[in-house]
Amino acid sequence: MLNVLSRYANEHHYAIHPMKTQIIDCSKTKSNYKWNLCGNEINTAESGVHLGIIRAEKNECQINIQERIQIARRTKYALMGSGVHGTNGLDPPTSYNIYKTYVVQRLIYGLEVLPMTKANIEQLEKFHRKNLRHIQSLPERTSNAAVLLLIGALPIEAEIHKRCLSLLLSLLNCRNDKIHQILYRQVTTNFDNNKSFFTRIMDILEMYGLPSITQLQKNTSKKEHWKNTIKIKVDKFWNEKTLADVENKSSLTFLNTSNLEPNKPHHVWNVKQLPRFELRKAIIKARVMTGTYILQADKYKFTHYNVEATCQLCCSGNEDVIHFLTTCPILSTTREKYFSEIREIITYEITAEKWNNVFKNKTAISQLIVDCTKYKEVLNNSNKLVNIIENKTRNLIFQLHMDRLKILEKNNE
């Protein structure tokens, strides 16, 4: 009886849930037909779950996205006990790897088959970026591009596109003739339907400069080769797009983006083997690097010029990053104590003459302190030397931060 119902339902665009014996009417024209099974009336439901995806009469995408976000949020909360959180947890790269393995996979499960709009994707992106900010202990106002680049993450849209392309290869490699017939029919007759998977996948293939479906049918790739091709193409596309966004952000002036790419965290988070207190230092440095460390010049802008931009420590100039790191006389003792050692290490490697030629102004010195990877070639492309300078500058910025806070607190008493 159930098989007969299933066949009839398929012909008339209904979906049957065999365990709950209910029917979901998915047809465009609703029927008043009453279903009976063994003398019992079967209710027509508005939604049901099939393979973890909610099939609904209305707002199917929105319902699934809300469900996915709730599941991903619960997963993230469950992982907090293992240290996947901000300041006092694991280092950001480790936290991100755990987050990507468990949370992201549950967040995007099954979404590759749904015709999502830009608004739907933006909901997922906001949830994703919020978690990445939390993992890195960055403020809400941190640039979206910086949030992704510092940790080496991709947008959720890129992760969904990878799944769409993997599903396409599975369909092309499937040995079921009926699936191939459906694929051919959809490609040839349903290409102008924006809700069709094959219409969307054709746009995705074009976006990343990949072969068309017809070309892939003639020359189907092996799974591993296709996965590597997808990774290279998708990573390159989104990395270039993110880097283009950075160029328009004045707050990211001191962030060096030349060596940043997906799955490669910035040097600032290279604290995995160091004591936990070093993570707190790295967080302060990351905030300076992303323009989210609040100085008096920032307060001046944010309050629409109602607060003076003058440094509250020395009262002799506007307190911006350059003033804070290189100029303020009140912090000169701390600055000289840490910076003299940095200068000595570098001049030993590149000579004093080269130092004077490269670091001849306060902007260049500020760049060295905030993100020394900008001068990797000057430092003889030595990763060891870059790591040493990174550790020294992290200590310098943190000590300047602590001294500044103590003086401000004392002045406010």
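Among the residues of segment 180-214, just one is surrounded by 14 or more Cβ atoms within 10 Å (Cβ to Cβ) and among the small types (G, A, S), namely S196. Figure legend. Inter-residue proximity from segment 282-296: first residues touching a residue at least 40 places away in the same chain (Cβ under 8 Å), second residues small (G, A, S) and assigned to a helix (DSSP H, G or I), beta-carbon distance below 6 Å, spacing 6+ or different chains. Indicated pairs: T290/A146; G291/S251. Selection within segment 101-133: residues that are among the hydrophobic types (A, V, I, L, M, F, W, C) and not in a helix (DSSP H, G or I). The member of this set that is most open to solvent (accessible area, probe 1.4 Å) is M116. A residue that is open to solvent by 80 Å² or more (accessible area, probe 1.4 Å) and touching a residue at least 40 places away in the same chain (Cβ under 8 Å) occurs nowhere in segment 346-359.
Among the residues making up segment 73-100, those that are touching a Leu at 6+ places or on another chain (Cβ under 8 Å), in a helix (DSSP H, G or I) and open to solvent by 20 Å² or more (accessible area, probe 1.4 Å) are S82, I98. I'd like to know if segment 59-72 contains one or more residues that are outside any helix (DSSP H, G or I), at pLDDT below 90 and at negative phi. No, every residue in segment 59-72 fails to be outside any helix (DSSP H, G or I), at pLDDT below 90 and at negative phi.
The values are calculated or read from the model by the stated rules, or taken from the named source; none is laboratory data. This is a predicted model, so every value here is computed, not measured. Please note: Cβ atoms are built from the backbone with ideal geometry, for glycine as well, and neighbour counts cover all protein chains shown. These area figures cover heavy atoms from the full protein model, side chains too; ligands, DNA and RNA do not enter into them. Shrake-Rupley method; radii C 1.70, N 1.55, O 1.52, S 1.80 Å.
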